[in-house]
1. Got a sec? Which of Val342, Val385, Val359 is hydrophobic (A, V, I, L, M, F, W, C) and buried (at least 22 other Cβ atoms within 10 Å of the Cβ)?
2. Please enumerate the residues belonging to segment 212-247 that are within 18 Å of Arg378 (Cα to Cα), small (Gly, Ala, Ser) and in a helix (DSSP H, G or I).
3. Quick one: which residue in Ala124, Ala93 is farther than 22 Å from Ser78 by Cβ and either among the acidic types (Asp, Glu) or surrounded by 20 or more Cβ atoms within 10 Å (Cβ to Cβ) (or both)?
4. Regarding Asp293, is this residue over 21 Å from the mean Cα position of the chain (by Cα), within 18 Å of Val264 (Cα to Cα), in a helix (DSSP H, G or I) and among the acidic types (Asp, Glu)?
5. Run Phe358 past the list (1) assigned to a loop (DSSP other than H, G, I, E, B); (2) in contact (Cβ under 8 Å) with a residue 60 or more places away in the chain and report the number of the one that doesn't hold.
6. Say whether the condition of being among the β-branched types (Val, Ile, Thr) and closer than 20 Å to Ala168 by Cα is met by at least one residue in segment 297-315.
7. Taking segment 77-112 as the search range and keeping residues that are part of a loop (DSSP other than H, G, I, E, B) and under 21 Å from Leu326 (Cβ atoms), which one is nearest to the chain's Cα centre (by Cα)?
8. What number of residues in segment 113-123 are of a type in the set (A, V, I, L, M) and in a loop (DSSP other than H, G, I, E, B)?
Amino acid sequence: MQMLNFGRGRGQSRSTRSIPLGGGDDPYFQEKRTGMDYPDPKRKSNFVGKILLAATLTALCIIMLKQSSTFNTPSPFSERQEGVVHVLVTGGAGYIGSHAALRLLKDSYRVTIVDNLSRGNIGAVKVLQELFPEPGRVQFIYADLGNAKAVNKIFSENAFDAVMHFAAVAYVGESTLDPLKYYHNITSNTLVVLESMAAHGVKTLIYSSTCATYGEPENMPITEDTPQLPINPYGKAKKMAEDIILDFSKNSDMAVMILRYFNVIGSDPEGRLGEAPRPELREHGRISGACFDAARGIISGLKVKGTDYKTHDGTCIRDYIDVTDLVDAHVKALEKAKPHKVGIYNVGTGKGRSVKEFVEACKMATGMNIKVEYLPRRPGDYAEVYSDPTKIRLDLNWTAKYTNLQESLQVAWRWQKAHRDGY
C-alpha cells in the first residue's frame, strides 16, 4: 500500500542542495595579484580534508540507499506482472469511481487511483486501502488531470494496462452556471489523458460518458443510434470528449469502450462505500442525495424542479441505474475490449420513472414523510430520458439486476444513516 503524500504534488520536482567544497570567500580560491603565489600548506590540508569528508558522506548515503528495501525493490505498480491487469481509475475517490475500484479489486485487478479530491473523498480511498492492504493491490496518487506534466509523470512511473476514466464534474445545473469549468475539466482533461496513454503505450480505455449527450430526443427509448444533440454544457463537453476519443482511435490500435450512463443511484450492498457530496454542492447533486438530506433533516424539504413537462404526472422521467449494476458493466466492457475496436453502449434499465414516483419510493425506503416543494424548471433539463439496453445485453451479456427502485434506495439509506457526516 502506498502511503498518502500530500506534501508535494506529483508534478513538482525535488529541489537539490549543492554543498560547497571550499571556495567562495576563501582567499585561497581568489586570484592572487600581488606577492608570492605559493599556497599555504595549512589551507591545502583543509581543502583535502573537506573532499575526504564529502566523499565519505556520499559513500555512506549510497550504502544506506542500497540497503533500503525501496531502493532494491521496484514498486509493483511500476512493473507488469503476468496474469495481473493494472487499471488506472481516474476519479477513483468519487462516488462511481470508488465503487468501480472496489469491484476491480474484488476481481483481483491491480488499481491505481488518481484524484484531486475536488469532488471525491479521501475516506473512500482509505476504505479501499484497508480492505486490500497487500502490497501491489491499490495505490492512491493525488494529482490534477489538468496538469499535463504531472499526468505524464504518473504514466511514466506506472505500468498501466488500461484506463477507466471517471474523473469529471457532473452536475447539469452547475454546468449551465459555470460552463468553462465543464469544458476544461471534462474535454481538456480527457485530451491530456489520451495524450499520455498514446505516449506510454496504454491501449485500453473505458470512458465514462452520459445520456446527456443525447439531449432531448424525439423518440423513446434511446438507442446508441439516437442522434446526439446535447442541450447543456455538461452533455456538450462529454460529447466533445467522445469525439476526441473516436477521432484518435481511427488511426490507432486502441481498444475503446464508451459507456453512456443514465441516472445513477444506490451504493455498495455491504455498506462499505456510499455517496457523500460536499455540502456546498448538494443543491446541484442527484435527487437521491436531496431525498436523503430531507429525510435526515439537513434540509427542510425536497425541491422538485419542473411540474409542467409533457409526462404522465408533469415531472421529469429518468432511467435510474444502480451503481452496482453500473460498475458490473464497466468490468464486462474491460473484459470484452479489443484492439482496433470501439464499443458504445447505453447503461440503463430500459424503464423510465418519474420524479414523483422516485420521491414516493424514497419516502418508503427511509420511512420518513419528506416535505416536497414544487418549483419552476431547472435550466438545461429535459422531459423524458430512458434507455434501450438491447445492445449491451447482446454484446457484453450485461443486464441490470438491481431494478427495484425502493430496494436500491434502502441500501443507500443504510449507508447514509451509518455515515451522517460522510466518510
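The values are calculated or read from the model by the stated rules, or taken from the named source; none is laboratory data. Computed from a predicted structure; not experimentally measured. Positions of Cβ are generated from backbone atoms using ideal geometry, with glycine treated the same way; all protein chains shown enter the neighbour counts.
1. Val385
2. Matches in segment 212-247: Ala212, Gly235.
3. Values: Ala93 fails: farther than 22 Å from Ser78 by Cβ.
Criteria check complete, one pass: Ala124.
4. Values: over 21 Å from the mean Cα position of the chain (by Cα): yes; within 18 Å of Val264 (Cα to Cα): yes; in a helix (DSSP H, G or I): yes; among the acidic types (Asp, Glu): yes.
The answer is yes for Asp293.
5. Result: Phe358 passes all but (1).
6. Restricting attention to segment 297-315, the residues satisfying the condition of being among the β-branched types (Val, Ile, Thr) are 298-299, 304, 307, 311, 315.
Now restrict to residues that are closer than 20 Å to Ala168 by Cα: none.
Checked against the condition, which is being among the β-branched types (Val, Ile, Thr) and closer than 20 Å to Ala168 by Cα, segment 297-315 yields no hits at all.
7. Let us first name the residues in segment 77-112 that are part of a loop (DSSP other than H, G, I, E, B), namely 79-85, 91-94, 107-109.
If we keep only those that are under 21 Å from Leu326 (Cβ atoms) too, we end up with 85, 91-94, 107-109.
Numbers: Val85: 18, Gly91: 1, Gly92: 4, Ala93: 6, Gly94: 6, Asp107: 19, Ser108: 19, Tyr109: 17 Å.
In this case the residue turns out to be Gly91.
8. The initial filter retains those residues of segment 113-123 that are of a type in the set (A, V, I, L, M), namely 113-114, 117, 122.
Among the residues that remain, those that are also in a loop (DSSP other than H, G, I, E, B) are: 117.
Residues meeting the conditions: 1.
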